[in-house]
C-alpha cells in the first residue's frame, strides 16, 4: 500500500461551455450537470429534468460509455467530488465544471478510482481546498493534490470488483422497482383517470359503456356513483415543526424519526422511508408540539421544493416543510399516494411565496379530486399490494447493501479489510 497524491497518475479535462439558448426539453443529446451525480456516488438520470441540447458543439465532448466523470461544482451540499460512470455511448455531453478523468492504467484502475472519489477522506480534502463561499468549486490541480492510498494494481482491481458487484445489485433492485412502479401507476391511471376499473362483470367500466354523469364541480363526466372532493378527503392533513436546534436533548439517534425535505431528497428513487438523518426525543416532540404520525402516512414536502413524496414505514414526525396525509378516512394508502402525486402540478400552481413557493393546508384543501367509492379504491389496493410489498422489500435490501458498501469502502481503501 502506497500513500501518494493523484498528480501524474490521472488527467482531468474540463467540459465545453454549452449555450443556454440551445437547451431544450427533448433531443438526442443530454448536457451533463452536477445534478447527474448521486451524493454517495454514481450516475443519476431523470428524463423529466434533463437538459437536452439542440445547438452545435465539438464532437470531442460526447461522452463514451464507461467514462469516469467527477463533479467540480457543488450544486447541492455534499456533491463536490462525486464521481460517476457514464452509462451509454453517444448520449451525454461533457459540460463545463464536470471533469472527465483518464488514468495511467499502469498505476490506477479506473473503477477503483471511481470508488476512491466517493470516500469520505477524498470528499473532505476537496471540500477543504475548494473555493467559493456559497457554491464550492474545485479544479484539476486541487484534485491532483488529493492524497490517497494505492494498493498494487491487482488489489485495486479486486477491490473495485467487490464494490462494483454491490453497486450492480443495488442498481438491479432499482430497475426492478422502477418497472414495478410503472405497473402500479399505469393501473392507477387506467382505473381512476380513464375510468376503466373492472365493472361488476370484470369488464373495463367506461370502455364497456358504463354510465358516466356530468359533475359540475369537476367540470367533466365521472362514473355514476363517484363524487367530487378535495385532497383533505383522502386523510387528515398534518404539518410539522422543528424543535429548537440549540437544545441537544431534543434530538437523538434512537428517538422518533423526524423527516425533512432533505431526507426525502436523499431518499429519491424510493417509495418508502424509515427515518431521516436525525430523530427527536420525547422532550423535543413536546417542545415543538409535533404530531407523531402512524405507519402508512403519505409524506409530501410542501416547500423547498414542493412534491417530494414517501410512505412512512413506521411512526414518524416531520419538520415544517411537509403537509402529510394520515390515512384515517377510509381510503387506502396506494390510492392516496397516487392521487396526491397526480395533483402535484396543480398544488405547485396554487402555491405562493416570495423566496420559494409553499403549499399551505388551505391550498391542499382547495384542490379538487375525483373520489371513487371506497370499495373500488380497496380493490385497487388488493391488486397492487404485492407490488408495494415487493418494492418495500427491494428498497430495504438495497439499503442493507448500501450500508455494507459504505462500511467496506474505507476499510478496503486503508487496508483494514484484505482481499484474497
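Quickly work out the residue 265-to-residue 189 label distance, labels modelled 7 Å from Cα along the C-beta direction, and quote it in nm with one decimal.
In this crude spin-label approximation the distance works out to 2.9 nm.
Using the beta-carbon distance between residue 169 and residue 28 and R0 = 35 Å, what value does 1/(1 + (r/R0)^6) give for FRET efficiency, to the nearest 0.05?
So the FRET efficiency works out to roughly 0.65.
Starting from a Cα-only point model with no solvent, please compute log10 I(q)/I(0) by Debye for segment 90-164 at q = 0.15, 0.22 1/Å.
-0.62, -1.11
Work the Kirkwood hydrodynamic radius out for segment 38-180: mean of 1/r over every pair of different alpha-carbon atoms, inverted, in Å. Before the final figure, lay out the partial values.
Details: mean 1/r = 0.0609 Å⁻¹.
For segment 38-180, inverting the mean 1/r across all distinct Cα pairs yields 16.4 Å.
Specify the inter-centroid distance of segment 30-57 and segment 391-410, based on alpha-carbon positions, in whole Å.
25 Å
Over 21 Å, how big is the tail of the calculated P(r) for segment 124-274, in percent of all Cα pairs?
Beyond 21 Å sits 76 percent of the P(r) for segment 124-274.
Give the order of 212, 293, 1, 309 when sorted by the count of other beta carbons within 10 angstrom, beginning with the fewest.
Sorted ascending by nearby Cβ count, the order is 1, 212, 309, 293.
Mind checking which of 303, 128, 313 has the largest fluctuation in a GNM of the chain, springs on alpha carbons under 10 Å?
Per the Cα network of the chain with a 10 Å cutoff, 128 tops the list.
Can you give me the angle between helix 120-129 and the longest principal axis of the chain, using Cα atoms only, in degrees from 0 to 90, rounded to the nearest 10?
80 degrees
With N residues in the chain, what two-decimal value do you get for its Cα radius of gyration over 2.2 N^0.38 Å?
Numbers: Rg = 24.5 Å, N = 420, 2.2 N^0.38 = 21.8 Å.
Computed over Cα atoms of the chain, the ratio equals 1.12.
How many nm separate the modelled label positions at residue 211 and residue 289, each set 7 Å beyond the Cα in the direction of the Cβ?
4.8 nm
How long, wide and thick is segment 200-277, going by the Cα atoms along their three principal axes, in whole angstroms, largest first?
Rounded to whole Å, the extents work out to 62, 26, 20 Å.
Would you please give the FRET efficiency between residue 375 and residue 144, computed as 1/(1 + (r/R0)^6) with r the Cβ-Cβ distance and R0 = 56 Å, to the nearest 0.05?
Computed FRET efficiency for residue 375 and residue 144 comes out at 0.30.
Kindly give Rg over Rh for segment 1-58, based on alpha-carbon atoms, with the Kirkwood expression for the hydrodynamic radius.
Ratio value, two decimals: 1.13.
Quick one: order 220, 405 by neighbouring beta-carbon count within 10 Å, fewest to most.
In order of increasing Cβ crowding within 10 Å: 220, 405.
So for 394, 408, fewest C-beta neighbours within 10 Å to most, what's the order?
Going from least to most buried by this count: 408, 394.
Work out how much length residue 21 to residue 120 would gain on full extension: take 0.36 nm times their residue separation and subtract the Cα-Cα distance, in nm to one decimal.
Extending this stretch completely gives an extra 31.9 nm.
Please report the equivalent ellipsoid semi-axes of segment 240-320, computed as sqrt(5 x eigenvalue) of the Cα gyration tensor, largest first, in whole Å.
For segment 240-320, the ellipsoid semi-axes come out as 20, 13, 11 Å.
Let me understand segment 296-420 better: what is its radius of gyration from the alpha carbons, and its Dmax, in angstrom?
Just the Cα atoms of segment 296-420 yield Rg and Dmax of 19.4, 63 Å.
Using C-alpha positions alone, give me the convex hull volume of segment 187-234 per residue in cubic angstrom. Don't jump to the answer; show the numbers that get you there.
Working: hull volume 4.2 nm³, N = 48.
Taking the convex hull of the Cα positions in segment 187-234, it is 87 Å³ per residue.
Measuring from label point to label point, each 7 Å out along Cα→Cβ, what is the residue 414 to residue 162 span in nm?
1.5 nm
Take every Cα pair under 8 Å in segment 227-371 that's 6+ residues apart, average their separations, divide by the length, and report that relative contact order as a whole percent.
34 percent
Please report, to two decimal places, log10 I(q)/I(0) for segment 227-371 at q = 0.12, 0.17, 0.18, 0.20 Å⁻¹ as given by the Debye formula with identical point scatterers on the Cα atoms and no solvent.
For segment 227-371 at q = 0.12, 0.17, 0.18, 0.20 Å⁻¹, log10 I(q)/I(0) is -0.45, -0.90, -1.00, -1.20.
Gaussian network model of the chain, Cα springs within a sub-10 Å range: biggest mean-square fluctuation belongs to which of 253, 106, 90?
Result: 106 has the largest fluctuation of those listed.
In whole angstrom, how far apart do the alpha carbon centroids of segment 237-282 and segment 142-194 sit?
Cα centroid of segment 237-282 versus Cα centroid of segment 142-194: 25 Å apart.
Go ahead and set up a Gaussian network model of the chain, Cα springs under 10 Å, then flag whichever of 25, 164, 238 fluctuates most.
25
Coordinate-derived values only; no laboratory data. Everything quoted here is computed from the prediction, not taken from an experiment. No Cβ is skipped: glycine too gets one built from the backbone with ideal geometry, and neighbour counts run over all protein chains shown.
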